[in-house]
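The values are calculated or read from the model by the stated rules, or taken from the named source; none is laboratory data. None of the values given here were measured: they were computed from a predicted structure. Accessible surface areas use protein heavy atoms only, side chains included; no ligands, DNA or RNA. Shrake-Rupley method; radii C 1.70, N 1.55, O 1.52, S 1.80 Å.
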Amino acid sequence: MTAPPGSDTVDDNTVLVRSRREPERFTVIYDRYFPDIYRYVAARLGRDAADDVAAETFYTAFRKRDRFDARRGAVRPWLYGIATRLVGQHRRDESRRYELLSRLGPGDRVVEHEDRAAARVTAQGVRPQLAAALAGLSGEDRDALLLVAVAGLAYEEVAQALEIPSGTVGSRLHRARRKVRRSLGGIDPTGIEEKRHA
């Protein structure tokens, strides 16, 4: 399918609402956000799982587009919420990958395809200590931290994605950052500033 003419100038909420009557318009949403959703899922689960989970994210969004309520927020965090819930179905795999990465030495290279993809949680690759710190977080705290650090969502967008109050986002981020910093000897590799707006 190709995107409708002129759709690049139409905001996401309008495109999604119009796609209820004209399903082909949903390709605009897919084209705009698939690469970002894929990168987020790959950072959490690896490339092999990212193919399926990112595709499932958009399949779910397409099926549920008639239930999207623009008054509750924007399309982007809604998509990240769907992706995060799908990642949640793979929590054991995610924790196992972080534990594996935590056992690697600084110069060790991961050889298997799935593990190579897992090594890209940050732009520089995952350091063993960071992987151990992430593995030690609760799923809820890890979701909030990675939605900000990897996906670049603002607090309000994380709240929408996880369907929780903004104050809870702040609490989860504070707790996660404190644990990660403690594990890394006071270093905060997430680069998250102490502010509530992006």
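Separation of region 18-65 from region 127-180 is 22 Å, based on Cα centroids. Stretched out straight at 0.36 nm per residue, the stretch from LEU104 to ARG85 would grow longer than its current Cα-Cα span by 4.0 nm. Residue order by solvent-accessible surface for THR57, THR14 is THR14, THR57, largest first, with ligands and nucleic acids left out and a 1.4 Å probe.
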